[in-house]
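Colleague: Quick one: the structure is below, and I'll ask about it shortly.
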């Protein structure tokens, strides 16, 4: 065995401590870095297999690739418009929006403003600062391209396509900096299913081309492709197989039903869409991905849109301290039927909102205080499900039910009351004092009085019709005519493009943050000779898009709320359906430039009209 002797005079021996320190500080870290570089993960490149990355990162990468595909599709559309080839333009338009639908679930979730610019309704929008913003996006171009290409509008078409392309690039830029999370991805997927059910299958965003069903299939396929990042290689093979099967069944059902008008929406929702949203939630939980608990109008943990308790009547409140309680509801009910709010003039809230008439009064316009034949300006709306609206009154002039209560109490034609005087009078009543003290720590105040009435109104939620029970249970609760009426309401008759399923009001799904107003051109009299002079929301905003605009009310319990429209002009549902069938005010010849209701005739047959009425009556 060889042995080496130490040499005390050598450089290494004399500087051994220094060299050892250098080795620890520099050499070992360099070796570690080299090993990591050789064996560690590489930065993502286009075309890379992302199966080993975190799923949310892989979803984002695929999403960005899909935006590139969308950009290419819009570029092809621009080229076809320049070439002035009508048939090619229509096909390119369809392909471009199919590409958009594949990114919609993430785009709408993370970039709602850009998404609206890409595919919002073709109507001017008045923003919170009262600026009138002209529409842009696919729906603007669609009306130039379908049913026939407007060959005299090629410059306008090209401009619209250029704007779409610019917004695609805007989407790319804003998306590049977004960090996706697994919880958000699953939330976005279920919300997309809800968007499909409430808007996609109704023709909301393909109102002229009627290409909605292929677009729904594209949206589902886009989600299914992204979901593979979570299920591929997952130990729970049964979970992956079940999800794939559910997606394939839904997409297959749509693709075998190419006729927009004949599509069975009732069957699709019950047998395909509802199981899909439910299984997405099950998969999220099985993968250990947290489900959001944040407060929303539509519960973040809702399995379907028709779940019992899916909608939160406490959502549209100003402060958490104003939430309903049993004590406040009971107090509010007492106040609702108490003439003390009208200075004991014999008038109560129930005078115009009678429980046996779904909290309406059956009059075209309610009688004014003191009667003498005088009436207030508008029809009394139902209070049932009023809590599921983002604004109140036909002209949307207040946001909260508390403000609605005070507005009515103070109105000289309605309650002709006074909040301060009502508070003073209530403080003299021991029974009222007791109720207030049980409901509020500070007893009788104007604020508490308003909140108690609002709490009672919020408690008047009613989402348990035969239609709801049909979706919740295995049995069929509807007649053939009622089922036909639902499908017509959701399809050919275009009712659900304004009265959104399942609330059937104007609160826009699936975010449920705003309640729309529409310009229908309601006539002044049943004869339909002139438009009603009430200009609606225009009184508040002084903006032309709002002239004759009124909030879209719910049609739940509509069988009990006659007469109809803001002025009570129609006595029966049959008259209402006829009005829509004719194309609203413009169908009657009123020539309203800002009418938002499509003015073309629906061409409904008499049996179809009867079926729609039969359906509305079950709500």
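The values are calculated or read from the model by the stated rules, or taken from the named source; none is laboratory data. If you're wondering where the values come from, they're calculated on a predicted model, not measured in any experiment. For neighbour counting, all protein chains shown are included, and Cβ atoms are generated from backbone atoms with ideal geometry for every residue, glycine included.
Colleague: Within the bounds of region 553-565, is there any residue that is assigned to a loop (DSSP other than H, G, I, E, B), without any contact (Cβ under 8 Å) to a residue 60 or more places away in the chain, buried (at least 20 other Cβ atoms within 10 Å of the Cβ) and not assigned by TED's automatic domain parsing to the domain that holds residue 127?
Modeller: Within region 553-565 (the criterion being assigned to a loop (DSSP other than H, G, I, E, B), without any contact (Cβ under 8 Å) to a residue 60 or more places away in the chain, buried (at least 20 other Cβ atoms within 10 Å of the Cβ) and not assigned by TED's automatic domain parsing to the domain that holds residue 127), the answer is no, since none of the residues qualifies.
Colleague: Taking region 452-489 on its own, how many of its residues are without any contact (Cβ under 8 Å) to a residue 12 or more places away in the chain and closer than 30 Å to residue 403 by Cα?
Modeller: Result for region 452-489: 0.
Colleague: In region 126-158, how many residues are touching a residue at least 40 places away in the same chain (Cβ under 8 Å) and within 30 Å of residue 180 (Cα to Cα)?
Modeller: 2
Colleague: Kindly establish whether residue 112 is in the same structural domain as residue 72 (by TED's automatic domain parsing), out of contact with any helix residue (DSSP H, G or I) (no Cβ under 7 Å at 6 or more places or on another chain) and modelled with pLDDT of 95 or more.
Modeller: For residue 112, the condition - in the same structural domain as residue 72 (by TED's automatic domain parsing), out of contact with any helix residue (DSSP H, G or I) (no Cβ under 7 Å at 6 or more places or on another chain) and modelled with pLDDT of 95 or more - is met.
Colleague: Is there any pair linking a residue in region 417-445 that is on the phi > 0 side of the Ramachandran plot and not assigned by TED's automatic domain parsing to the domain that holds residue 407 to one that is modelled with pLDDT under 95 and not in a helix (DSSP H, G or I), with Cβ under 6 Å and at least six apart or on different chains, and which?
Modeller: Once the first residue is on the phi > 0 side of the Ramachandran plot and not assigned by TED's automatic domain parsing to the domain that holds residue 407 and sits in region 417-445, no partner that is modelled with pLDDT under 95 and not in a helix (DSSP H, G or I) comes close enough.
Colleague: Within region 493-502, count every residue that is closer than 19 Å to residue 191 by Cβ and surrounded by fewer than 23 Cβ atoms within 10 Å (Cβ to Cβ).
Modeller: 2
Colleague: So in region 159-178, with the set limited to residues that are over 22 Å from the mean Cα position of the chain (by Cα) and free of Cβ contacts under 8 Å to residues at least 60 places away in the same chain, which one is surrounded by the fewest Cβ atoms within 10 Å (Cβ to Cβ)?
Modeller: Top of the filtered list is 177.
Colleague: Would you check if there is a residue in region 525-542 being in contact with a strand residue (DSSP E or B) (Cβ under 8 Å, 6 or more places away or on another chain), closer than 19 Å to residue 135 by Cα, crowded, with 16+ Cβ neighbours inside 10 Å and touching a residue at least 12 places away in the same chain (Cβ under 8 Å)?
Modeller: The answer is yes; a qualifying residue exists.
Colleague: Identify the single condition in (1) assigned to a loop (DSSP other than H, G, I, E, B); (2) over 20 Å from the mean Cα position of the chain (by Cα) that residue 511 does not satisfy, given that it satisfies every other one.
Modeller: Going through (1) assigned to a loop (DSSP other than H, G, I, E, B); (2) over 20 Å from the mean Cα position of the chain (by Cα) one by one, residue 511 breaks only (2).
Colleague: If you check 413, 407, which single one turns out to be over 21 Å from residue 555 (Cα atoms) and in contact with a strand residue (DSSP E or B) (Cβ under 8 Å, 6 or more places away or on another chain)?
Modeller: One residue alone meets the criteria, 407.
Colleague: Considering only region 232-349, give the helices (runs of 4 or more DSSP H) lying wholly within it that have at least 2 residues that are surrounded by fewer than 13 Cβ atoms within 10 Å (Cβ to Cβ).
Modeller: Values: elements: 237-255, 265-268, 274-286, 326-336.
Filter on region 232-349 gives 237-255.
Colleague: Conditions: (1) assigned to a loop (DSSP other than H, G, I, E, B); (2) within 28 Å of the chain's Cα centre (by Cα). Residue 403 meets all but one. Number of the miss?
Modeller: (1)
Colleague: Here's another thing I want to ask about it. Evaluate the following for residue 451: is it closer than 30 Å to residue 326 by Cβ and modelled with pLDDT of 95 or more?
Modeller: So residue 451 passes the test.
Colleague: Restricting to region 406-416, name every residue that is in a helix (DSSP H, G or I) and in contact (Cβ under 8 Å) with a residue 60 or more places away in the chain.
Modeller: Result: 409, single match.
Colleague: Looking only at residues that are over 29 Å from the mean Cα position of the chain (by Cα) and not in a loop (DSSP other than H, G, I, E, B) in region 358-381, which one is surrounded by the most Cβ atoms within 10 Å (Cβ to Cβ)?
Modeller: 367
Here is a yes/no grid of residues against (1) under 18 Å from the mean Cα position of the chain (by Cα); (2) modelled with pLDDT of 95 or more; (3) crowded, with 22+ Cβ neighbours inside 10 Å:
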{"site": "130", "(1), (2), (3)": "no, yes, no"}
{"site": "157", "(1), (2), (3)": "no, yes, yes"}
{"site": "194", "(1), (2), (3)": "yes, yes, yes"}
{"site": "206", "(1), (2), (3)": "yes, yes, yes"}
{"site": "217", "(1), (2), (3)": "no, yes, no"}
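Colleague: Just checking, how many residues over region 323-343 are closer than 18 Å to residue 409 by Cβ and either assigned by TED's automatic domain parsing to the domain that holds residue 572 or free of Cβ contacts under 8 Å to residues at least 12 places away in the same chain (or both)?
Modeller: Number satisfying all stated conditions: 2.
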